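Before any comments, here is the structure.
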Amino acid sequence: MASIKVVNLGGKEVGTFELDEIFAGEVNEALLWESVKHYRASLRQGTAATKNRKAVSGAGKKLWKQKGTGRARVGSIRTPLWRGGGTVHGPQPRSYEYQFPRKKLMGALRSAIASKINDGKLTIVENFDVVEAKTKVYREALNTLDAKKTALLVETSQQLNEKLYLGSRNLQGVELVLSSEVHPYDLLKYENAIFSKAAFETLTETLKKSVSKRQHAEKEAA
């Protein structure tokens, strides 16, 4: 299996990381599309609303008697047939979230990482440790790593420290996420993905377990 260089924040190679065979498969673009659609649906506020017949202002009294006036019969000034009346079947506040199987999410995450590796946009650093928690220090480090545009920084919860959080939070086009929370949408949104070695190892183990469970289930079904 292929390997990828492990570098420090200065861009110097300090080792190699053997990529698991799960990243050698084809990129499932359809699955990536599904995962992005699900993620964006969960971001929708769902606050669009119109007033129906019972919500618009106006009395419910019958305007004139049913027969004998020569006019069309009408029961209320709030009727949807009249201007200013209620809206029929208009949007109401709702949630756009829906269930997305974890197996599909793990498959999409594997495809997103494989895509970054194929494009040469995935970098593994030994760690994100710096002397000072300054934005300038991390900006210089990202420039050295050829991540001058947008970048996703991925770290484990065990190694996430205050220096990394404070130093990266004000960088434009840069987002810091935990390895347990990274989503395919994040990897597709940012041009470069920079993992700490520990974060990439943790995520690889999670994906391997997901693949082994799926293969076991397929064998039992067969």
- [ ] Check whether at least one residue in the range 53-64 is closer than 29 Å to Leu207 by Cβ, surrounded by 13 or more Cβ atoms within 10 Å (Cβ to Cβ) and of a type outside the set (D, E, K, R), and report yes or no.
- [x] no
TODO: Mind telling me which of the residues Thr123, Thr87 ends up being of a type in the set (S, T, N, Q) and in the same structural domain as Phe23 (by TED's automatic domain parsing)?
DONE: Thr123
Task: Boolean, Val182 is out of contact with any Asp or Glu (no Cβ under 7 Å at 6 or more places or on another chain) and at pLDDT 90 or above - done: yes
TODO: Output the residues belonging to the range 8-52 that are of a type in the set (Asp, Glu) and surrounded by fewer than 13 Cβ atoms within 10 Å (Cβ to Cβ).
DONE: Glu13, Glu18, Glu21, Glu26, Glu29
Task: Residue list for the range 139-166, filter: buried (at least 21 other Cβ atoms within 10 Å of the Cβ) and at pLDDT 90 or above - done: Leu142, Ala151, Leu152, Leu153, Val154, Glu155
Task: Unique residue being part of a loop (DSSP other than H, G, I, E, B), touching a Ser or Thr at 6+ places or on another chain (Cβ under 7 Å) and not β-branched (Val, Ile, Thr) when the list is Gly68, Gly75, Gly85 - done: Gly85
Task: Matching residues, the range 1-51, being assigned to a strand (DSSP E or B) and aliphatic (A, V, I, L, M) - done: Ile4, Val6, Val7, Val14
Open item on the list: Among the residues that make up the range 102-117, is at least one of them assigned to a loop (DSSP other than H, G, I, E, B) and loosely packed, with under 12 Cβ neighbours inside 10 Å?
Closed with: no
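The values are calculated or read from the model by the stated rules, or taken from the named source; none is laboratory data. This structure is a prediction, so every number in the text was calculated from the model and none was measured. Counting neighbours? That spans all protein chains shown, and the Cβs are built from the backbone with ideal geometry, glycine included.
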